[in-house]
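Chemist: Here it is: the structure, laid out below.
The values are calculated or read from the model by the stated rules, or taken from the named source; none is laboratory data. If you're wondering where the values come from, they're calculated on a predicted model, not measured in any experiment. As a convention, Cβ positions derive from the backbone with ideal geometry for all residues, glycine included, and neighbour counts pool all protein chains shown. With ligands, DNA and RNA removed, areas are computed over all heavy atoms of the protein, side chains included. Shrake-Rupley method; radii C 1.70, N 1.55, O 1.52, S 1.80 Å.
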Amino acid sequence: MKKVWLSWSTGKDSAWTLHALTKDPEFEVAGLFTTVTEEFDRVSVHGVRTSLLDAQSKRLDIPIHRVILPWPCSNKLYQNAMDHVWQAASDHGIEMIAFGDLFLEDVRQYRLDILKNTGLQPIFPIWGQPTSSLADAMISSGLRAIVTCVDTRQLPAEYSGQNYDRDFLNQLPTSVDPCGENGEFHTFVYSFPMFSQPIDMKIGEVVNRDGFVYTDVMSRLDDPDDLIVHSTNLILNR
């Protein structure tokens, strides 16, 4: 089996990529890695609290490696941080890096370019799957997620905080991809067949930052073990 690290955003596409990898006997998912914005202590882009990231790690029983980024973060600093990730992956005996990209060719090419000369092979387990049927398959599997971020240039603000389910999909404007692949929205998975148990969470405040509407999600912390950190920081040397 080839050892893989998976780029993990806390959202549905990452979860479904993990699902695809674990069904293939060729791969062993040895770890996940996630970018975290240091100033806010939240998962970058998705805006999810790191305590919930750790709760996912616990329920998957897979270690998560946090890639700590400053705010603001220049392209050079980001590249330096990712170089640190690739070196750490190699040091752990990892052979492949998996991404949950679906159809954006420029994003895929970027992944290929940044992994050149690292000795790591990029793979895209759910690439090219029709997003309408993919969204339906996720929901049918028992995956449950909440929309944590909406780009109001592409989708009205009131979609933030909604459950990612068939009602949500049926209400989407036709211009919006069912999986939000163009950045229209982002999600947090709180229940998944691969989780040992669902994450008991509640909705917090909703904020608008530069046209992006974020819905805060918090754990109810019914399980005291959710207070324990289940991830490792990959600190960026600035």
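Chemist: Roughly what % of DSSP beta bridges within the chain run antiparallel, to the nearest 5?
Modeler: The answer is about 50 percent antiparallel.
Chemist: Taking every DSSP beta bridge that has both residues in the range 1-121, what percent is antiparallel when rounded to the nearest 5?
Modeler: Bridges in the range 1-121 that DSSP calls antiparallel: roughly 15 percent.
Chemist: What does the net charge come to around VAL36 if you take all other residues with beta carbon closer than 14 Å to its beta carbon, with K and R at +1 and D and E at -1?
Modeler: Residues near VAL36 contribute -1 overall.
Chemist: Can you list residues from other chains, or at least 5 along the same chain, whose modelled amide H is less than 5 Å from the amide H of HIS65?
Modeler: Close amide H contacts, sequence-distant or interchain: LEU32, PHE33, THR34, THR232.
Chemist: Right, here's the next one. Once phi is turned into ³J(HN,Hα) by the Karplus curve 6.51 cos²θ - 1.76 cosθ + 1.60 with θ = phi - 60°, what whole-Hz value does each residue of the range 119-128 show in order, with x for glycine and proline?
Modeler: Those phi angles translate into x, 9, 9, x, 10, 10, x, 10, 4, x Hz.
Chemist: May I ask for the net charge around LEU134, where only other residues with Cβ less than 11 Å from the Cβ of LEU134 are counted and Lys, Arg are +1 while Asp, Glu are -1?
Modeler: -3
Chemist: Highest mean first, how do 114-122, 53-61 rank when packing is the count of other Cβ atoms within 10 Å averaged over residues?
Modeler: Packing proxy ranking, top to bottom: 53-61, 114-122.
Chemist: From the protein chains alone at 1.4 Å, what is the descending order of accessible area for LYS12, LYS3, largest first?
Modeler: LYS3, LYS12
Chemist: Antiparallel DSSP bridges in the range 1-62: what percent, to the nearest 5?
Modeler: Restricted to the range 1-62, the bridges split so that about 35 percent are antiparallel.
Chemist: Over the chain, give the accessible area per residue in Å² for a 1.4 Å probe, as an integer.
Modeler: I get 47 Å² per residue for the chain.
Chemist: Hey, can you rank 72-85, 174-187 by average C-beta count inside 10 Å, highest first?
Modeler: Output ranking for 72-85, 174-187: 174-187, 72-85.
Chemist: Would you please name the GluC sites (Glu not before Pro) within the range 1-83 that are DSSP coil residues with at most 13 other C-beta atoms within 10 Å of their C-beta?
Modeler: Answer in residue order: GLU26, GLU39.
Chemist: Provide the gained length on full extension for the span GLU26 to GLN109, in nm with one decimal, where the gain is 0.36 nm per separating residue minus the Cα-Cα distance.
Modeler: 27.5 nm
Chemist: Which residue fluctuates most in the GNM of the chain (Cα springs below 10 Å): GLN197, GLN87, GLN109?
Modeler: Answer for the Gaussian network model of the chain: GLN109.
Chemist: Where a Cα-Cα gap under 16 Å defines reach, which lysines qualify for LYS3, not counting those fewer than 8 residues away within the same chain?
Modeler: LYS23
Chemist: Quick one: 3J(HN,Hα) in Hz for the range 52-63, Karplus 6.51/-1.76/1.60 with θ = phi - 60°, rounded, Gly and Pro as x.
Modeler: 6, 4, 5, 5, 5, 4, 4, 6, 8, 6, 10, x
Chemist: Next question, about the same structure. Read phi for every residue in the range 64-73 and hand back ³J(HN,Hα) as whole Hz from Karplus 6.51 cos²θ - 1.76 cosθ + 1.60, θ = phi - 60°, with x for Gly and Pro.
Modeler: Whole-Hz 3J(HN,Hα) from phi for the range 64-73: 10, 9, 7, 9, 7, 10, x, 10, x, 10.
Chemist: In the range 145-218, what trypsin sites (Lys or Arg not before Pro) fall in a loop by DSSP, with at most 15 other Cβ atoms inside 10 Å?
Modeler: Hits after loop and neighbour filter: ARG153.
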